[in-house]
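The values are calculated or read from the model by the stated rules, or taken from the named source; none is laboratory data. The model shown is predicted, which means the values in this text are computed figures rather than measured ones. Cβ atoms come from the backbone with ideal geometry, glycine included; neighbour counts cover every protein chain shown.
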Number of protein chains: 2
Amino acid sequence: MPKLWNETIDAHRREVRDAILDATAALAFEQGLRGVTMSQVAERAGIGRATLYKYFSDVETILRTWHARRIDAHLGELVRARDGEGSPGRRLDAVLTAYAHIAQQTGGHDRELVTFLHPDEHIVNAQNQLRALIRDLIEEGAAAGELRADVPPQELAAYCLHALSAASESTSEAAVDRLIALTASALRA
Amino acid sequence: MPKLWNETIDAHRREVRDAILDATAALAFEQGLRGVTMSQVAERAGIGRATLYKYFSDVETILRTWHARRIDAHLGELVRARDGEGSPGRRLDAVLTAYAHIAQQTGGHDRELVTFLHPDEHIVNAQNQLRALIRDLIEEGAAAGELRADVPPQELAAYCLHALSAASESTSEAAVDRLIALTASALRA
């Protein structure tokens with residue numbers, strides 16, 4: 001088969017796969033995680049049940065894959081913030097800002113989803129990468145004299161992630177901004 | 001019946017009830033929340049199954065009651081910290097310290113338990129009381145010029161509770177102390 005044909009098939013498979021992931025996530029948010037059936041997913045994605053089963057064997061696997069895709073997107077966003085311009089302290093602020101907005105958007109749902117799915121390797125791995133990313137930036141910032149050096153960077157990273165998870169309760173963008181400034185101020189005290 | 005007799009019965013009932021709660025909590029921590037059966041609870045508490053069913057109809061109700069009892073104990077501890085000596089800022093520090101230690105001891109298990117039980121009125125009510133207690137102290141402290149007044153007390157209270165939940169990951173008392181000092185420093189920036 002010519003290469004072009006293979007690429008067309010691959011693109012089609014990715015599209016179907018994404019449609020399945022999006023349909024399942026939409027159903028889960030509408031009616032709760034436990035109630036979604038494979039038949040509903042097929043209908044919402046606009047494909048037959050037989051086709052759906054060629055891609056995924058059950059709803060939990062779809063949700064797990066959807067969650068992994070979203071985690072990767074978020075990690076990518078945080079890595080870009082880390083690799084931006086400026087001193088370690090400035091780049092840390094950019095990472096914390098991005099993280100707070102992710103926490104605001106995903107907070108409540110995400111906790112429910114993670115509990116439902118139980119921690120898998122992908123989630124744990126992503127959490128560890130996130131932790132390491134923030135810890136390393138804090139370490140750099142402390143070495144540069146921008147951030148406090150009297151608390152281990154690992155503990156400061158845990159503090160940041162927990163404090164910013166309060167963004168899931170924030171009712172306005174201004175409140176999220178205040179939370180970020182508040183959290184970051186302790187790193188410089 | 002003479003009053004003394006009634007009191008003896010009441011005391012006995014409370015003792016059996018407490019034994020059931022403690023046995024169930026111990027089993028849940030040993031083997032996970034989902035696996036505990038009424039037969040195991042009866043055996044561990046040293047009572048018959050028929051007696052157990054006179055007190056509770058199922059394991060979830062026992063866990064809910066156990067959790068409510070513990071929440072009340074923790075709230076009592078925080079209220080005592082609030083009602084101690086000193087300025088609002090000092091008393092806030094005492095409350096935050098008590099809360100961080102509770103979070104350190106109960107953190108991981110508690111999240112699992114609360115998710116398993118689903119939020120009930122008692123839990124939501126206790127969380128609201130805790131939130132209000134901290135918010136009011138912060139408001140007092142801000143009025144006294146001890147704490148920052150540029151962020152709404154409600155938001156500062158949410159920040160404190162989230163930041164201190166990082167204590168569930170702390171591996172030493174010294175780390176918990178650093179977390180408390182870190183969190184509190186942002187309230188005075």
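What number of residues within region A:131-172 satisfy the criterion of being within 14 Å of chain B (Cβ to nearest Cβ) and part of a helix (DSSP H, G or I)? Let's see the steps before the verdict.
Looking only at region A:131-172, we keep the residues that are within 14 Å of chain B (Cβ to nearest Cβ), and these are A:131, A:134-135, A:138, A:142, A:147-172.
Next, from what is left, pick out any that are part of a helix (DSSP H, G or I): A:131, A:134-135, A:138, A:142, A:153-169.
Residues meeting the conditions: 22.
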When region B:61-97 is checked residue by residue, the ones that are loosely packed, with under 15 Cβ neighbours inside 10 Å, over 13 Å from the mean Cα position of the chain (by Cα) and at negative phi are B:61, B:80, B:83, B:84, B:85, B:87, B:90
Filter region B:27-44 down to residues that are surrounded by 16 or more Cβ atoms within 10 Å (Cβ to Cβ) and more than 15 Å from residue B:116 (Cβ to Cβ), then give me how many there are.
5
Pair list, Cβ under 8 Å, 6 or more apart: region B:165-189 residue more than 27 Å from residue B:112 (Cβ to Cβ), other residue β-branched (Val, Ile, Thr) and surrounded by 22 or more Cβ atoms within 10 Å (Cβ to Cβ):
B:186/A:183; B:187/B:138
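Quick check on region B:51-60: of everything there that is within 19 Å of residue B:120 (Cα to Cα) and crowded, with 17+ Cβ neighbours inside 10 Å, which residue is farthest from the chain's Cα centre (by Cα)? Talk me through it step by step, then tell me what you get.
The first filter runs over region B:51-60 and keeps only residues within 19 Å of residue B:120 (Cα to Cα), leaving B:56-60.
The next check asks that each one be crowded, with 17+ Cβ neighbours inside 10 Å; those that pass are B:56, B:59.
Working: B:56: 22, B:59: 20 Å.
By that ranking, first place goes to B:56.
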Is it true that residue B:48 is exposed (fewer than 13 other Cβ atoms within 10 Å of the Cβ), modelled with pLDDT of 90 or more and not assigned by TED's automatic domain parsing to the domain that holds residue B:164?
yes
Tell me yes or no: at least one residue of region A:136-149 is surrounded by 15 or more Cβ atoms within 10 Å (Cβ to Cβ), closer than 18 Å to residue B:185 by Cβ, of a type in the set (D, E, K, R) and touching a residue at least 60 places away in the same chain (Cβ under 8 Å).
no
Suppose we keep only residues that are facing chain B (nearest Cβ under 7 Å) and surrounded by fewer than 22 Cβ atoms within 10 Å (Cβ to Cβ) within region A:173-189. Which one would you say is farthest from residue B:180 (Cα to Cα)?
A:175
Residue A:113 being within 14 Å of another protein chain (Cβ to nearest Cβ), farther than 25 Å from residue B:104 by Cβ and within 13 Å of the chain's Cα centre (by Cα):
yes
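Within region B:130-189, which residues are of a type in the set (Ser, Thr, Tyr) and within 17 Å of the chain's Cα centre (by Cα)?
The initial filter retains those residues of region B:130-189 that are of a type in the set (Ser, Thr, Tyr), namely B:159, B:165, B:168, B:170-172, B:183, B:185.
Residues satisfying the conditions are B:165, B:168.
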